[in-house]
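The values are calculated or read from the model by the stated rules, or taken from the named source; none is laboratory data. Remember, predicted model here, so these are calculated numbers, not experimental data. In this analysis, Cβ positions are derived from the backbone assuming ideal geometry, glycine residues included, and neighbour counts consider all displayed protein chains.
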Amino acid sequence: MTDLSHVSADGTIRMVDVGAKSLSRRRAVARGAVQMASETAARLGELPKGDALTTAKLAGIMAAKRTSELIPLCHPLPLTVVDVQLTVTDGGVEITAVAETTAQTGVEMEALTAVSVAALTVYDMAKAIDKAMTISGITLIEKTKDPV
């Protein structure tokens with residue numbers, strides 16, 4: 001288990017020490033989707049609970065900022081950009097999140113958390129009218145690290 005960064009040689013979990021690492025400009029992009037009936041997708045701006053797309057965008061941004069409070073071994077990061085985009089398709093909503101920072105560790109967990117919470121928010125807001133929705137395909141699609 002010693003090849004896992006969050007597991008020490010004796011098998012206990014640990015937060016990785018990034019103190020000796022130099023600052024880098026880091027960017028991560030994640031994607032996911034909520035599948036739903038086309039009738040539901042057409043109503044996302046006018047649901048009984050309100051505008052699902054605006055609410056989900058805001059929820060995704062807020063979630064990225066709180067990732068270290070949700071994922072126990074994540075470092076709190078000074079995020080410089082979080083952008084969450086929701087695109088309505090005939091069969092649902094495609095969600096893309098970008099997170100950026102200048103720090104000693106990456107922002108992939110923040111991008112993934114943003115997508116996850118945005119998807120859960122769409123689901124929550126539309127569940128009253130569509131019981132067959134599914135969330136799928138949450139994945140990291142890009143991760144970059146550039147010197148500063």
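With in contact with a strand residue (DSSP E or B) (Cβ under 8 Å, 6 or more places away or on another chain) and at pLDDT below 95 as the only criterion, which of Leu44, Leu73 stands out?
Exactly one residue qualifies, and that residue is Leu73.
The residue that is farthest from Ile141 (Cα to Cα), counting only those in the stretch 19-41 that are surrounded by fewer than 12 Cβ atoms within 10 Å (Cβ to Cβ) and of a type in the set (A, V, I, L, M, F, W, C), is Ala20.
Report yes if Ala103 is in contact with a His (Cβ under 8 Å, 6 or more places away or on another chain) and of a type in the set (A, V, I, L, M), otherwise no. In short, yes. For the stretch 1-36, the tally of residues that are in a loop (DSSP other than H, G, I, E, B) and not charged (D, E, K, R) stands at 17.
Quick one: which residue in Ala59, Ala20 is touching a residue at least 12 places away in the same chain (Cβ under 8 Å) and among the hydrophobic types (A, V, I, L, M, F, W, C)? When all the criteria are applied, what remains is Ala59. Here Val7, Val16, Val34 are screened, and the one residue that is under 15 Å from Thr121 (Cα atoms) and of a type outside the set (S, T, N, Q) is Val34.
Here is a yes/no grid of residues against (1) more than 18 Å from Ser68 (Cα to Cα); (2) among the small types (Gly, Ala, Ser); (3) under 23 Å from the mean Cα position of the chain (by Cα):
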| position | (1), (2), (3) |
| --- | --- |
| Asp3 | yes, no, no |
| Ser8 | yes, yes, no |
| Ile13 | no, no, no |
| Asp17 | no, no, no |
| Ala20 | yes, yes, no |
| Leu23 | yes, no, yes |
| Arg27 | no, no, yes |
| Gly32 | yes, yes, yes |
| Ala37 | yes, yes, no |
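In the set Thr121, Thr134, only one residue is farther than 28 Å from Val7 by Cβ, in contact with a Ser or Thr (Cβ under 9 Å, 6 or more places away or on another chain) and among the hydroxyl-bearing types (Ser, Thr, Tyr); that residue is Thr121. Looking across Thr89, Thr54, one residue alone is free of Cβ contacts under 8 Å to residues at least 40 places away in the same chain and among the hydroxyl-bearing types (Ser, Thr, Tyr). It is Thr54.
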